[in-house]
Structures are given as structure tokens and as C-alpha cells.
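Everything on this sheet refers to the single structure shown next.
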Amino acid sequence: MEHQPSALSPFRHHIFRAVWFASLASNFGSLIESVGAAWLMTSLGASAAMIALVQASTTLPIMLFSLAAGAIADNFDRRELMLTAQVFLLVVSIGLTLCAYLGLVTPWLLLLFTFLIGCGTALNGPAWQSLVGEMVPRSDLPGAIVLNSMGYNIARSVGPAIGGAIVAAAGAFGAFAVNAVSYVGLIAVLARWRPETPPRVLPPESLGTAMAAGLRYVAMSPSISLVLVRGALFGLAAIAVQALMPLIARDLVHGGPLTFGLLLGAFGAGAVCGALLAARLRRSLSIEAIVRVGFIGFAVCVIGAGLSSSAVLTMVAMVFGGASWVVSLSSFNVTVQLSAPRWVVGRALALYQMATFGGMACGSWIWGMLAERYGVSEALWIAGGVLIAGAAFGLRYALPELKSLNLDPLSRWKEPAVALDIRPRSGPIVVTIEYLIREQDVAAFLAVMAQRRRVRRRDGARHWTLLRDLENPKLWLERYHTPTWLEYVRHNQRRTQADAAIGERLLALHQGPEEPRVHRMIERPTGWLTPDAASSVRDTAGPLADTAGPS
């Protein structure tokens, strides 16, 4: 009988356990800091829009910079990147603490510091989430993702209440000081960890090229693209509760900073319950059904909070909201991680973060403006309506079933020996592959080629075309370009075990006496050339062909 990993299986791995507990302490500090920042902005007499912008200033950098952070995480050492982000967050937090102690904080300076904290979070996020796959085996990855979410929400369940007590007793300065200290443990764990990383066969991509590759991969992956849309919609509407929480505590239930902390704590307690419930839901419901439950559950939260004038009833609504929050977001995260191979997982997660937190940043501003114009309750009711519409959206655009695809590298392709002096930057490279297809197999061939086209373009091929010979109708040519020989090698090394089925189906349809013939050629300009330029062309130009199979 096949062993089924338990919910706590990832804790068997020492480094995951150590980082998890250090992150838990850091999460406590971050949530305590967020309580201090939100309540300090309220105490400064800022408008409802400015109060909501505290949340927006933290989430906006994640939308703006996550893709670049994901590209860096995929091309460099993820542990070092995460360590750099944590040190940056420590320095910023110390600066905020000193300004609060000296009484120098103004509304705009507070927004600047929270924006910088958001920048550090944006740099840290893709590295941390993709690093989990290096701490635990793939079989434990879904459980590790849920445990990370649970850890954050354990902190959320208690941290805000502690933060409210600290703010009530020592002011925002105390909350900021606790946050600064909380980074030390995680920095120490990361500094001591020396993971065994496989040597890089290819040089890192440039930042622009890596970002474009991440965008292309996600755009050519329908399941990931749909997760981004649903995540953005959920973030847009669900952030209303967190953005308006200080106003809910002050104006709707007539409380102070301790009430504010208790409401956040109830939200976090619900999130812990949602994390415990998520694994059970995945065993009995489809991924789309789980997400719809999340949308509807959060609609109950925001509408209930808008109707309630009792702190106890509002806390009950927050429990529903917290559970729905973690069920939805953990489902999105697991789907993205299991749908992207290791070479691009950081960028895929970054784009998911950008979509979700971009929705949150826009939503924070929208709900703040609506609350200022129409009232807090009315803004919450509108947000509830958007969440119900988001659940209905799934009736037309349902998320695909969660499948554990084998996205390990295919590792069948070997760089061919060539007759010319081809260097990594030589190019452009043009590749043609010849297939012999019987007339009765043309429809099946075209269907497979539609998938091949998507995978080729997803992995970096350009100008993909399919040609049919007019004199010999059985002869078909697949043609595509790569900018350089290095990009051609990189393109072929990106193929995964899950992509192998396409090549196998093409080989089954091919009717030639040998495997499809591959021609690799390099483009060269024509016209007048200097002797030196002509000599250079002769050194690197010309056709390259073999029968190494479809490549």
C-alpha cells in the first residue's frame, strides 16, 4: 500500500522545521508591526483613504516587484536571496522604530516605511516559496505549503491581539521594536544552512530575458493563467476586511486598539481552522468547489461585518473570513507550485503574487474611497457582492482539477556535435523537423501539433510554423527560431517528463524509415560584406543536420 504523507510529514525534515519555527516568530513580529502601523495612522487623524493606504502600501510593492524577484530567485541562490531580504527588512524595521521613538512619524513617512517593508516582502516571497521545494521532497510539498500557511495564520490568530495589547501599553514604538527583533532568528537559521545545490549547467539569464520567459510560460499555461485571474479577483474583494479593519473596530463596534487586535486574532484563528480543513476538503471536493466555498465564505464574513454592531458577532464573522481566506489562497498556491517546473517556479509564484496582491492593493484603495464616500458598512456590502460574483465566475471559467504532473526535467536531449564553430551567442538559430504523415493521420497530427506549438512557445521558441510540402503531401516541416545557440540549448533542456507524451505521439504518427530528421541552421545576412565580415560568416554559418529525433 502506497504511503500517504500526513499533514505533519514535512516536519521530519530538519531544515524545514527550523525555518518554519523561525518564520513563525518573524510572522508574529510582522503582524504586531501591522497593528502598530494601522493604529498609528488612525491616531494621527488620517482620513479613511489614508488608513486603507497602509494596507495598500504593503501590498503594492509585491505587485510591482515580485516578477523581478522571481526571476532572480530562479537564476541565483534562493537561500542567499532570502537572507538578503531578511537583512533589508531588519534595517527598515530598525529605522521605523527609531522614528517612532523620536516622534518623527507623519502619515506619509509611515506609508514610506510600510512601502519599504512591502519591497522586502516582495523580494523574499518567491525565494521562500520556491525554496520549500528544496527543503522537502515533492510528495511532501502540498503539506509544506499548507503548514506555511498555517504558521502564518497561527501568528495571525494571536499576534494581532498581542499587537493590540502592546500598542495599548507602549504605543506603536513597542510594536515596531518587537518586529525588528523578530527577524534575528530567521537570519541566523538561514546563515547557518548550507544546502547542496546542483551545479548550474547554463549561465543565468539576464533579468529582462528571465522576466519575459516567466511571462511567456504563464501565458502559455492555461491552468496557471486561470489561477492568476481568480486570485486577483479574490484579492480585490477580500482585502476589504483587512483594509477597513481599524474602521470596523472603531466605528462599527465602537472599540479601541485591543478590539482591533481581537478582530484580527479571530480572523487568524479562522485561518488556522481553514488550514486544518484544507487537506480534508481536497480529498472530497474538486479544486473549483473548494475555491467557490472560499468566495462564498468570505462573502458571509464581509456582509456580516457590515451588518453587525457587536464585537462578538463581528469576531464570529472574522472566523469565517479567515478560514475562507486560507482555503482559497492555499489552493491557488498549491495549484501554481504543482503546475510549474523548478526552472520557472519562482517566476510563476511571483506572477501569482503579483496578480493576487495587485488585486489587494487596488482593492485597498477602492474600499477606502467607498468607505469615505458612502460609509464602512456600505463598502463591505459591495465587497460581499463582488465575492458572490467571483464564485459565479467559476461556473463559466472553472479551475482545472489539481494534478501532480511529473515536471522533472526530461533529460533525454544531448547537445549535438556540430561541424562549425558555434558559440553560445551565435544565432539566430533556425530549426526544422521533417515528418512523414499518412493522409488518414493528418487530423490527429494537427491536434498533437497544436499542443507542440504551445509547449515550444512556452519554453522559448519563436516564429513557430508548420509547413506542408506541395509536391510531397506526406512531408510536413515544423520550423521555429531561437535568438542564440545558448537559447536553443536552454529551450531543449526545459522539457519535462510531462511533455514527453507529445513527442511520443508524434513519433507514433511519423511513417519514415528513421526518426524525424532535424535540421539546425544559423541565419546569416546577405549582400555586400567586408573581407573580415565574410570570413566571420564562413566560420560560423551553414546548415547543421542530423537525425537525433524531434528537438
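The angle between the Cα long axis of helix 48-75 and the longest principal axis of the Cα atoms of the chain comes to about 30 degrees, rounded to the nearest 10.
Distance from the Cα centroid of the range 120-197 to that of the range 448-521 is 44 Å (rounded to whole angstrom). Amide H to amide H distances under 5 Å link Asn406 with Ala498, where only residues 5 or more positions off or on other chains count and H is placed in the peptide plane. For the range 332-424, a simple Cβ point-charge model (Lys and Arg +1, Asp and Glu -1, everything else neutral) yields a dipole of about 280 debye relative to the Cα centre.
In this Cβ point-charge picture (+1 for Lys and Arg, -1 for Asp and Glu), the chain has a dipole of about 380 debye about its Cα centre.
Here the range 305-365 and the range 19-88 have alpha carbon centers that stand 15 Å from each other. This ranking places Leu53, Leu81 by how few other beta-carbon atoms lie within 10 Å of each, fewest first, which gives Leu81, Leu53.
Among the trypsin sites (Lys or Arg not before Pro) in the range 283-355, none sits in a DSSP loop with a Cβ that has at most 13 other Cβ atoms within 10 Å. Using the Karplus relation 6.51 cos²θ - 1.76 cosθ + 1.60 with θ = phi - 60°, the per-residue 3J(HN,Hα) values for the range 249-257 come to 5, 7, 9, 8, 10, 6, x, x, x Hz, with x marking Gly and Pro.
Rg ratio for the chain: its Cα radius of gyration over 2.2 N^0.38 Å, N being its residue count, equals 1.11.
Across the alpha-carbon atoms of the range 190-295, the computed radius of gyration and Dmax are 20.8, 61 angstrom. Footprinting exposure proxy ranking of Lys414, Lys474, fewest other C-beta atoms within 10 angstrom first, gives Lys414, Lys474. Measuring r between the beta carbons of Leu98 and Ala188 and using R0 = 22 Å, the FRET efficiency lands at 0.45.
In deg cm²/dmol, rounded to 500, what helix-only [θ] at 222 nm does the chain give when every DSSP H run of at least 4 residues adds -39500 (n - 2.57) and the total is split over its residues?
-24000 deg cm²/dmol
What is the range 324-461 by shape, rounded, prolate or oblate, if you read a ≥ b ≥ c off the alpha carbon gyration tensor as root eigenvalues and call it rounded for a/c under 1.5, prolate for a/b larger than b/c, and oblate otherwise? The shape class here is prolate. Multiplying the residue separation of Leu44 and Leu395 by 0.36 nm and subtracting their alpha-carbon distance yields 121.8 nm.
The range 130-196: which trypsin sites (Lys or Arg not before Pro) are DSSP loop and have at most 11 other beta-carbon atoms within 10 angstrom? Within the range 130-196, no trypsin sites (Lys or Arg not before Pro) qualify (loop, at most 11 other Cβ atoms within 10 Å). Among Tyr183, Tyr397, sorting on how many other beta-carbon atoms sit within 10 Å of each Cβ, with the fewest leading, yields Tyr397, Tyr183.
Any read-out appearing in this document is the output of simple, stated calculations on the displayed coordinates, not a laboratory observation. In this text the structure is predicted, and so the values were computed from the model without any measurement. So basically every Cβ, Gly included, is an ideal-geometry build from the backbone, and we count neighbours across all protein chains shown.
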